[in-house]
């Protein structure tokens, strides 16, 4: 039983400890302060619990066109995350070390993964990657704090100003709603695009609860790097680079090496795992090539950050979650998601991204409810006529 529980927890954590988290958490703390990173952490913990309740409804959409389209967008988002993360790491390594050092490190990690897989230890690879990521997320900030004083960290928190420490701003609550949407989608997408192996996850609450508490340490620990950046007046061109800058300046050689090893291991494993899942899917070679090309185009957009990718794809995930929450089983679900996403994009261009996501999600929910109500009325009329 303990082995089964550990296996389920590893599956949950693999989807929620991606390499981009090392860059996203400091960016959220840098942009939104203490309330932002605490809200992101709370949203992540809630997503574990909400996802457990939604597994059954999510699996009802397996095998249809909705699954294929969502797989396409999931690959695009994942490709954007990988490309942006790799770009930041490569640029920083090129400026501070050598690109050959990075390539050699990536080569060694790849060889170790291949050897472990060939010798029958493949199931331990995700466990090792997750453990390394979680340990690094605690050790690296600790090494940074050893180079700066506690008053310095406190001054960084104080420097965030009263506005970012206050929870009275309405905008902050809307941002938290977007965090919940994005993180729940991150939980459910592996089920929606999977092959049915995750069915046992909906039976018990223990894996989700324990995984939620284990995961909560990561964003809080990594987000605290932003406070050091504020105190030391580190002003990156793009805020998703703030975590890397702090580690480079205050993490020391040990912290820098641990960061590279951890994030490269996560990048390589995530890439290999995604390629394997796509091969088993119905997307096809053309769909995969199209998704990768779209990911490259989005990643090359000037000044785009990892948080922009996270929020931007909620234009699709918000309407999708609304349809899943209503519980319609009709073939029109793809059309309902399309209308909601189209409305979200149009509203985003006029009023902003966050109102657009919320408005599109609400529209999809209303359309799904109307479709479900009309379907029930039609079924009742048919039964009465019979």
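Within the stretch 217-250, the residues that satisfy the criterion of being farther than 18 Å from residue 90 by Cβ, touching a residue at least 40 places away in the same chain (Cβ under 8 Å) and outside any helix (DSSP H, G or I) are 224, 232. No other residue among 290, 243, 255 is surrounded by 15 or more Cβ atoms within 10 Å (Cβ to Cβ), modelled with pLDDT of 85 or more and out of contact with any helix residue (DSSP H, G or I) (no Cβ under 7 Å at 6 or more places or on another chain) apart from 290. So, residue 253, is that one closer than 27 Å to residue 23 by Cα and free of Cβ contacts under 8 Å to residues at least 24 places away in the same chain or not? Taking the combined requirement at face value, the residue satisfies it. Has the stretch 144-166 got at least one residue that is modelled with pLDDT of 85 or more and either in contact with a helix residue (DSSP H, G or I) (Cβ under 6 Å, 6 or more places away or on another chain) or under 23 Å from residue 264 (Cα atoms) (or both)? Checked the stretch 144-166: at least one residue is modelled with pLDDT of 85 or more and either in contact with a helix residue (DSSP H, G or I) (Cβ under 6 Å, 6 or more places away or on another chain) or under 23 Å from residue 264 (Cα atoms) (or both). Only one of the listed residues (370, 343, 325) is in a helix (DSSP H, G or I) and at pLDDT 90 or above. That residue is 343.
Consider residue 81 carefully, then state whether it is closer than 22 Å to residue 243 by Cβ and either touching a strand residue (DSSP E or B) at 6+ places or on another chain (Cβ under 6 Å) or at pLDDT 80 or above (or both). Against the criterion (closer than 22 Å to residue 243 by Cβ and either touching a strand residue (DSSP E or B) at 6+ places or on another chain (Cβ under 6 Å) or at pLDDT 80 or above (or both)), residue 81 qualifies. For the residues 304, 357, 309, 298, the requirement of being assigned to a loop (DSSP other than H, G, I, E, B) and at pLDDT 85 or above singles out 304.
The values are calculated or read from the model by the stated rules, or taken from the named source; none is laboratory data. Just so it is clear, the structure is predicted and the values come from calculations on it, not from any experiment. Note: ideal-geometry Cβ built from the backbone for every residue, glycine included; neighbour counts use all protein chains shown.
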